[in-house]
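Worksheet: the structure to be examined is printed underneath.
Derivation of every value follows stated rules applied to the coordinates shown; laboratory data play no part. All values derive from a computational prediction rather than experimental measurement. Heads up, the Cβs are rebuilt from the backbone with ideal geometry, glycines too, and the neighbour counts pull from every protein chain shown.
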Amino acid sequence: MSDKAMSTPRWIGLYGAGGFGREVMPLVRRLARSLGVATTTDAIVFVETEPSRAEVNGVRVISEEAFLALEGRRFFNVAIASSRDREEIIARCLARGAEPAALLADNATIYDGVACGEGLIMCANATVTSNVSIGRFVHINVYTYVAHDCVVGDFVTFAPRVTCNGNVHIGRHAYVGAGAVIREGSSGKPRLIGEGAVIGMGAVVTKDVPPNTTVVGNPARVLVR
């Protein structure tokens with residue numbers, strides 16, 4: 001690496017200083033070490049659109065405008081549950097030249113033949129097995145399991161302890177609640193979870209889920225309001 005590259009300032013901004021953001025911050029520090037970023041509050045920051053506090057857990061909180069105005073290389077990820085908000089934030093960051101950064105726990109496991117889009121967050125004890133496709137800025141929370149031949153769209157969120165069995169295709173912006181189980185599909189007929197679908201906490205999904213539909217229960221049924 002050239003002296004010029006080494007001297008270029010580097011920053012890592014994590015959007016969202018709420019519960020998930022605080023859980024993810026240790027992964028930011030891990031990334032910082034690999035990038036040669038100083039693990040101090042000067043180089044690592046929480047980013048909020050309208051900060052209401054100066055720091056969280058010893059980490060400085062700054063505004064989006066302040067982060068995007070920093071000189072040098074600005075790496076970022078977004079630890080915000082709303083996938084639609086994530087997508088908007090990401091678009092603004094990319095437009096201003098910030099760089100997506102994957103955040104992976106030391107004990108997260110990815111098997112052979114897996115394609116991961118930019119901005120993946122994969123937390124402790126999560127596992128993705130063989131020949132899986134993961135989209136952009138997907139959240140895979142603790143103890144979640146994604147089995148072989150699954151296709152996971154952009155901005156999908158897996159809450160903790162999800163079991164997504166083999167040959168499941170999940171559309172963009174879908175949300176899978178904590179402890180949910182998705183029954184496997186087959187190579188000729190994958191299980192389909194539609195774009196924007198919501199699978200409730202602890203649901204057991206045995207059938208396809210249409211787009212923008214919420215299902216709950218065991219077996220999972222469409223939630224009627």
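Here are the numbers for this structure:
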item	result
The range 104-219: relative contact order in percent, alpha carbon pairs under 8 Å with at least 6 residues between	16 percent
Length-normalised contact order of the range 3-101 in % [C-alpha pairs under 8 Å, at least 6 apart]	31 percent
CD proxy at 222 nm, helix term only [per DSSP H run n ≥ 4: -39500 (n - 2.57); per residue of the chain; nearest 500]	-5000 deg cm²/dmol
Built amide H within the under 5 Å cut-off of residue 209, gap 5+	192, 193, 194
Where N is the number of residues in the range 3-101, Cα Rg divided by 2.2 N^0.38 Å	1.00
Inverse of mean 1/r across different Cα pairs in the chain, Kirkwood, Å	18.1 Å
Cβ-placed point charges (K, R +1; D, E -1), dipole of the chain about Cα centre in debye, nearest 20	380 debye
Hull volume in cubic angstrom per residue (convex hull over the Cα atoms of the range 104-219)	69 Å³
Charge dipole (the chain, unit charges on Cβ, about Cα centre) - positive-most of 69, 32, 198	198
Between helix 83-95 and the chain: long-axis angle, C-alpha atoms, 0 to 90°, nearest 10	40 degrees
Karplus (6.51, -1.76, 1.60) ³J(HN,Hα), θ = phi - 60°, over the range 10-27, in Hz, Gly and Pro reported as x	10, 9, 10, x, 10, 6, x, 10, x, x, 5, x, 5, 5, 8, 3, x, 6
